[in-house]
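One structure is given below, encoded as C-alpha cells.
Quick note: the coordinates plus some simple rules give every number you see, no bench work behind them. The model shown is predicted, which means the values in this text are computed figures rather than measured ones. Quick reminder, even Gly has a Cβ in these numbers, built from the backbone with ideal geometry, and neighbours come from all protein chains shown.
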Amino acid sequence: MNEGNLFSPSFIPPTTGRGRFDLPLACSPVLYVAESPEHAIAEAIQPWRNRPLRPPHLVRAERPLALVAVQVAPGTASELADLCQPDVLGRLGLSADRVASRHRRRTQTIAASVWDRGHPGLRWWSSFWGDWHGIVLFTARMKGSVRFGRPEVLSTQNPALQEATAALGMSVAI
C-alpha cells in the first residue's frame with residue numbers, strides 16, 4: 001500500500017450513510033480517498049460518464065472541485081485493513097466477492113466489522129478497475145494522523161483530469 005499521498009477531491013460531502021463502506025453514524029463518519037489523482041477525479045466526474053465533460057461539471061455546492069493530497073501517518077496507514085490482500089480477507093473471514101458487492105447493506109456490514117476489530121479504515125480496489133485503489137478512513141480514529149495538502153482547483157486542462165476522462169471514455173468539452 002502506498003503510504004505517501006492519497007488524493008481526494010476537496011469537496012467532501014457530509015456522510016449520508018449511503019456510501020459503499022459508510023459506517024453507522026454512531027460509529028464514525030468516513031472519508032473516501034484514492035491512491036491516485038486520476039482515480040479521485042474519476043470518482044467525482046463519473047456521474048457524467050458517456051457525456052462530454054464541461055466546466056460546470058467541476059463545481060459542487062457552488063465551489064470548484066479541487067484535488068487535495070491527503071497524508072496518513074505511517075503507523076496509522078499500516079493499521080488499515082487492506083482488503084486487497086488474501087491473508088487479510090481470510091483473517092477477517094471475508095471473501096473478495098462479498099467485499100466487491102454492489103449491495104450497500106453487505107459492504108457497510110463489512111466496514112462495520114472492520115471498525116469493530118479496531119482498524120482505522122480499509123483499502124479496497126475501485127469499482128472502476130482493479131489497479132485503482134480507494135481508502136476509507138474512519139475519521140473518529142484519524143485524530144492527529146491525517147494531514148491535508150493545498151487544494152489544486154481542477155480545470156479541463158489538468159493532466160490528471162484528462163487521464164481520468166480518457167479512462168472513463170469521456171471527452172472534454174471546452
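Charges were assigned to the Cβ only: +1 to each Lys and Arg, -1 to each Asp and Glu. The resulting dipole of the chain about its Cα centre is roughly 620 debye. Taking amide H as placed 1.01 Å from N in the peptide plane, the amide H of residue 23 sits under 5 Å from that of 30, each at least 5 places away or on another chain. Its residue count N fixes a reference of 2.2 N^0.38 Å for the stretch 17-95, and the Cα radius of gyration divided by that reference is 1.40.
Based on Cα contacts under 8 Å between residues 6+ apart, the stretch 5-167 shows a relative contact order of 35 percent.
Can you pull out the trypsin sites (Lys or Arg not before Pro) in the stretch 75-121 that DSSP calls coil and that have at most 12 other Cβ atoms within 10 Å? Can you show the working numbers first?
Numbers: sites: 91, 98, 102, 104, 105, 106, 117; in loops: 102, 117.
Filter output for the stretch 75-121: 102, 117.
Scalar couplings 3J(HN,Hα) for the stretch 38-52, obtained by applying the Karplus form with A = 6.51, B = -1.76, C = 1.60 to θ = phi - 60°, are 4, 5, 4, 5, 4, 4, 6, 9, 4, x, 9, 3, 6, 9, x Hz; x denotes Gly and Pro. The 3J(HN,Hα) values that the Karplus relation (6.51, -1.76, 1.60; θ = phi - 60°) gives for the stretch 102-119 are, in residue order, 8, 7, 4, 4, 5, 6, 5, 5, 5, 4, 5, 5, 5, 4, 4, 8, x, 6 Hz. Gly and Pro appear as x.
On a full-extension model of 0.36 nm per residue, what is the gain between residue 167 and residue 98, subtracting their alpha-carbon distance, rounded to one decimal in nm? Spell out each step's value before the answer.
Values: separation 69, 0.36 × 69 = 24.84 nm, distance 2.56 nm.
Answer, rounded to one decimal: 22.3 nm.
When the GluC sites (Glu not before Pro) in the stretch 21-110 are filtered for DSSP coil states and for at most 11 other beta-carbon atoms within 10 Å of their beta-carbon, the remaining sites are 62. Does the stretch 79-170 classify as rounded, prolate or oblate by the C-alpha gyration tensor (a ≥ b ≥ c root eigenvalues; a/c under 1.5 gives rounded; else a/b over b/c gives prolate, otherwise oblate)? Since a/c reaches 1.5 but b/c is at least a/b, the shape of the stretch 79-170 is classed as oblate.
For the stretch 5-167, the residue among 167, 70, 120 whose Cα projects farthest onto the positive side of the dipole built from Cβ charges is 120. Please report, to two decimal places, log10 I(q)/I(0) for the stretch 5-167 at q = 0.19, 0.21 Å⁻¹ as given by the Debye formula with identical point scatterers on the Cα atoms and no solvent. Each listed q corresponds, in turn, to -1.27, -1.47. Between residue 148 and residue 91, the modelled label-to-label distance comes to 3.1 nm, taking each label 7 Å out from Cα in the direction of the beta carbon.
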